[in-house]
Amino acid sequence: MELSPKILSIIPLQIITILAFFPIARKLKLYDVPNERSSHKHVTFRGGGVIVPISLLFYTMFFGFQNTFLIAGVLLASAISLYDDIKGSNPFVRLICHFVSVGLIMMDITNGYQFLPFITILIAIIAVAAVNAYNFMDGINGITGLYTLSIYETVYFYNYKIENVFDPNLILILTAALVIFGFYNFRSKAILFAGDVGSVSLGLIAVFYILFLVVHNNNLIYLSIVAVYGVETGLTIIYRLLKGQNIIHPHRIHLFQDLVHIAKFPHLVVAVGYVLVQVIINFGMFYCLRHQLNGLLFLTYIIIILSCCYIIIKYQIYKRYVEPNEKN
């Protein structure tokens with residue numbers, strides 16, 4: 001990755017941003033206090049993901065108004081999410097803001113092309129669901145930052161090797177933001193959490209990149225870039241429905257949470273494991289693109305394989321750790 005002088009000027013500003021955040025967070029009492037659903041045991045600062053929308057502002061300052069609708073959408077969602085981190089917001093208002101934000105990024109994606117109204121509404125609903133799923137997956141140290149890096153760097157590789165459709169400077173600035181945030185989060189005892197402001201903004205940008213690739217290439221194979229998160233979220237929802245739970249209420253039964261809380265794997269081991277699986281899938285996707293293989297077939301195979309792995313691992317955790325305790 002080649003860093004331009006402008007990016008080298010932005011990185012110190014990003015570092016200053018994250019350092020300045022700590023006294024502000026302390027004053028606003030932006031603490032994440034452990035509860036029965038938490039994956040951590042210590043009071044930790046939250047909202048550190050604010051570095052992402054601020055990095056978008058730096059990008060606009062140094063590189064001009066590009067992807068205006070994307071940035072506007074992310075800033076809107078970030079504002080309501082930051083307010084939610086600080087005081088808590090009305091869920092309905094938050095949902096409306098998410099739909100408006102998705103509508104804005106879709107304007108950047110379609111670039112004037114009009115979908116049928118039904119298709120537009122369906123895409124918007126799926127995109128909002130994906131952003132909220134991204135937020136729910138932010139449950140253990142390191143997973144959001146590392147997984148998002150796997151997405152952004154895959155997009156960067158596509159941009160460099162296949163077709164130059166995105167501004168690489170934006171991807172590099174976002175990468176720097178994730179690395180800086182990761183310094184405080186990728187630890188056995190995290191100093192800082194992303195908060196809703198981080199996970200929602202990162203999720204929206206990921207949705208933008210992936211939807212753009214799907215629409216631009218008319219190929220669903222690009223959904224495999226988030227296959228691990230997608231399958232995990234979908235099967236967890238099905239699992240909760242089968243157990244008669246309200247899927248809107250918070251919970252702690254994602255597979256990655258079972259691996260941490262029940263099987264007692266370290267946070268970082270689970271996070272790295274998830275990302276490695278996703279990176280392998282991404283390499284498989286590029287292999288299919290290079291050899292012009294059927295993208296939908298590849299995506300279907302990946303979903304089936306991941307679903308089987310989810311069910312087997314979930315079952316083994318229950319059989320090995322939960323069932324013996326229930327008998328006792």
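Which residues, taken from the range 188-206, are surrounded by fewer than 24 Cβ atoms within 10 Å (Cβ to Cβ) and either without any contact (Cβ under 8 Å) to a residue 60 or more places away in the chain or among the β-branched types (V, I, T) (or both)? Within the range 188-206, just I191 meets the criteria.
Where helices (runs of 4 or more DSSP H) sit wholly within the range 1-102, those with at least 2 residues that are within 13 Å of V200 (Cβ to Cβ) and modelled with pLDDT of 95 or more occupy 51-63, 68-86.
Just to confirm my filter: which helices (runs of 4 or more DSSP H) fall fully inside the range 210-328 and include at least 3 residues that are modelled with pLDDT under 95 and closer than 18 Å to V131 by Cα? Before the answer, list the steps.
On the way: elements: 227-242, 255-261, 267-290, 295-317, 323-327.
The helices (runs of 4 or more DSSP H) meeting that bar are 227-242.
Taking only the range 58-85 into account, find how many residues are touching a residue at least 60 places away in the same chain (Cβ under 8 Å), within 16 Å of I105 (Cα to Cα), surrounded by fewer than 23 Cβ atoms within 10 Å (Cβ to Cβ) and within 21 Å of the chain's Cα centre (by Cα). Final tally of qualifying residues: 1. Residue count for the range 201-244, restricted to those that are under 16 Å from the mean Cα position of the chain (by Cα) and under 24 Å from A271 (Cα atoms): 23. Among residues of the range 238-258 that are free of Cβ contacts under 8 Å to residues at least 12 places away in the same chain, those with a Cβ under 9 angstrom from a residue that is surrounded by fewer than 18 Cβ atoms within 10 Å (Cβ to Cβ) and in a loop (DSSP other than H, G, I, E, B), sequence gap 6+ or separate chain, pair up as L241/I247; K243/I253; Q245/H251; Q245/I253.
I140 meets each of the listed conditions (1) touching a residue at least 60 places away in the same chain (Cβ under 8 Å); (2) surrounded by fewer than 21 Cβ atoms within 10 Å (Cβ to Cβ) apart from (2). When I221, I237, I247 are checked against the criterion of being surrounded by 14 or more Cβ atoms within 10 Å (Cβ to Cβ) and over 24 Å from K161 (Cβ atoms), I237 stands alone in meeting it.
Residue count for the range 185-208 under the criterion of being at pLDDT below 95 and either of a type in the set (F, W, Y) or touching a Pro at 6+ places or on another chain (Cβ under 6 Å) (or both): the result is 2.
Only one of V270, V279, V231, V260 is closer than 27 Å to Y209 by Cα, of a type in the set (A, V, I, L, M, F, W, C) and crowded, with 21+ Cβ neighbours inside 10 Å. Can you tell me which? Give the steps one after another, and end with the answer.
On the way: V279 fails: crowded, with 21+ Cβ neighbours inside 10 Å; V231 fails: crowded, with 21+ Cβ neighbours inside 10 Å; V260 fails: closer than 27 Å to Y209 by Cα.
The match here is V270.
The values are calculated or read from the model by the stated rules, or taken from the named source; none is laboratory data. These numbers were taken from a predicted model, which means no experiment stands behind them. In this analysis, Cβ positions are derived from the backbone assuming ideal geometry, glycine residues included, and neighbour counts consider all displayed protein chains.
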